[in-house]
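Peer 1: This is the structure, below, for whatever I ask next.
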Amino acid sequence: MHMRKKKWARPELDACPYFIPDPSLYRNRWQTLFPAIQPLHVEFGCGKGVSTAQMIAQELQYNFVAMDISPDVLGDARRNLEQAASPVTHAFLSRCDLEHAADFFGPEDRVERIILSFCNPWPKRRHEKRRLTHPRQLMQYRTFLDTQGEVYFKTDDDTLWDDSQVYFYVCGFMPVFRTDHLHASGFSPNYVSEHEARYLQEGKHIHFGIYRKAHLPMDLDPLTWQQPNRSDLPPDLFGPF
Ligand SMILES: C[S@@+](CC[C@H](N)C(=O)[O-])C[C@H]1O[C@@H](n2cnc3c(N)ncnc32)[C@H](O)[C@@H]1O
């Protein structure tokens, strides 16, 4: 969807004490920014931060970094955080292209949770590698996720969901919770994002999974990796869940 440029977004972000314009400067030392060392949770593709703001207001026991590539949506995210969680003490916003996530986080950051809510589905096969769950990205996440660190992944998109089960499997992430109907699953706490609210209104079911970093089952070069045939994969990889 095309968004009109928001003239106010960049100046507001420039003046924001918890906006980090160059996240590569904090690689391996994010914890030094926070008043207290607490488990680090990061949200990738936070958009307007609708769910981020609720989460940050509720979960004072974690440190947060929420990132997006678009300064316009980050402008909205800043306003939403101000409204829900002011003063913002245990969260930072930052702008970056998460196809290069390993440039912004390192092993010393020991990220405990990565949150991916409604990342772009990139439906054309030739664009698949841009998905934030693609092995190109998951293999980077492995380098900075803590032992047993987890990825929380929500989507309404059936193809992205099915393909992502394969991505998590080949990249050594073990599913610890999966549902095809998040809002009937009883899972809590769930923070409803902007896109989630829209899909709920349309009556769509939301897929949700938690994937824990585990042993890497095979050698994998993320740059040359191709989807295997479904018949060569374990049948329990796919739902219904
Ligand atoms: C469909 S929106 C979802 C926003 C929000 N998480 C939600 O659930 O409402 C996807 C977001 O991911 C961001 N995004 C897409 N590709 C990205 C990338 N390579 N790096 C950082 N952000 C990205 C987009 O700018 C957009 O804000």
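Peer 1: Pick from Pro87, Pro21, Pro222: which residue has the top mean-square fluctuation in a GNM of the chain where Cα pairs under 10 Å get a spring?
Peer 2: Looking only at Pro87, Pro21, Pro222, the largest GNM fluctuation is found for Pro87.
Peer 1: Tell me the mean residue ellipticity at 222 nm calculated for the chain from its helices only (DSSP H runs of n ≥ 4, each -39500 (n - 2.57), averaged over every residue, nearest 500).
Peer 2: -7500 deg cm²/dmol
Peer 1: Quick one: Glu43, Glu112, fewest Cβ neighbours within 10 Å first, how do they rank?
Peer 2: Details: Glu43 27, Glu112 18.
The most exposed by this proxy come first: Glu112, Glu43.
Peer 1: List the residues whose amide H sits under 5 Å from the amide H of Phe177, counting only those 5 or more places along or on another chain, with H placed 1.01 Å from N in the peptide plane.
Peer 2: Counting only residues 5 or more places away or on other chains, the set is Ile210.
Peer 1: Let me ask something else about it. Please report His100, His183 as a ranked list, fewest other C-beta atoms within 10 angstrom at the top and most at the bottom.
Peer 2: Listed from fewest to most nearby Cβ atoms, that is His100, His183.
Peer 1: Could you check which residue among Gln227, Gln31, Gln137 shows the biggest mean-square fluctuation in a GNM of the chain with a 10 Å Cα cutoff?
Peer 2: Of Gln227, Gln31, Gln137, the most mobile in the Gaussian network model is Gln227.
Peer 1: From zero outward in steps of 10 Å, how is the percent of C-alpha pairs of the range 9-237 spread across the bins?
Peer 2: 8, 34, 38, 18, 3, 0
Peer 1: Something else now. Looking at the chain, send over the antiparallel percent of its DSSP beta bridges, to the nearest 5.
Peer 2: Counting DSSP beta bridges with both partners in the chain, the antiparallel share is about 35 percent.
Peer 1: Fewest to most neighbouring Cβ within 10 Å: what's the order for Leu116, Leu13?
Peer 2: The fewest-first ordering by Cβ neighbours comes to Leu13, Leu116.
Peer 1: Taking only pairs that are 8 or more places apart or on different chains, how many Lys pairs in the chain have Cα atoms under 24 angstrom apart?
Peer 2: Count of close lysine pairs: 12.
Peer 1: Pop out the Kirkwood hydrodynamic radius of the range 1-69 from its pairwise C-alpha distances, inverse of mean 1/r, in Å to one decimal.
Peer 2: Working: mean 1/r = 0.0731 Å⁻¹.
Across the range 1-69, the inverse of the average 1/r is 13.7 Å.
Peer 1: I've got another one for you. Long-range amide H contacts for Leu93: which residues qualify at under 5 Å (H placed 1.01 Å from N, peptide plane, sequence gap of 5 or more or a different chain)?
Peer 2: Phe19, Ile20, Ala66
Peer 1: Ok, one more. Roughly speaking, what is the centre-to-centre gap between the range 77-103 and the range 1-65 when only Cα atoms are used, to the nearest Å?
Peer 2: Answer, in whole Å: 1.
Peer 1: If r is the Cβ-Cβ distance from Glu202 to Lys124 and R0 is 30 Å, what FRET efficiency results, to the nearest 0.05? Mind showing how you got there, number by number?
Peer 2: Numbers: r = 23 Å, r/R0 = 0.77.
Efficiency, from the Cβ-Cβ distance: 0.85.
Peer 1: Only Cα pairs within less than 10 Å get springs; with that Gaussian network setup on the chain, which residue of His127, His181, His41 has the largest fluctuation?
Peer 2: Evaluated over the chain, the most mobile residue of the options is His127.
Peer 1: Separate question: To check my understanding: the extent here is largest minus smallest coordinate of the Cα atoms along each principal axis. What are those three numbers for the range 71-150, in Å, largest first?
Peer 2: Taking the Cα atoms of the range 71-150, the three principal extents are 41, 32, 19 Å.
Peer 1: Explain nothing, just compute: Karplus ³J(HN,Hα) = 6.51 cos²θ - 1.76 cosθ + 1.60, θ = phi - 60°, for every residue of the range 149-160 in order, whole Hz, x for Gly and Pro.
Peer 2: x, 10, 10, 9, 10, 10, 7, 9, 8, 5, 5, 4
Peer 1: Work out from phi, with θ = phi - 60° and the Karplus expression 6.51 cos²θ - 1.76 cosθ + 1.60, the ³J(HN,Hα) of each residue of the range 36-45, listed in order in whole Hz, and give x for Gly and Pro.
Peer 2: 9, 6, 9, x, 9, 10, 10, 10, 9, x
Peer 1: What area, in nm² and to one decimal, does the C-alpha convex hull of the range 60-106 cast on average over all directions?
Peer 2: Average projection, Cα convex hull of the range 60-106: 3.7 nm².
Values in this text are rule-based calculations from the coordinates and carry no lab data. Not measured: the values here are computed from a predicted model. When we count neighbours, we look across all protein chains shown, and the Cβ atoms used for this are built from the backbone with ideal geometry, even at glycine.
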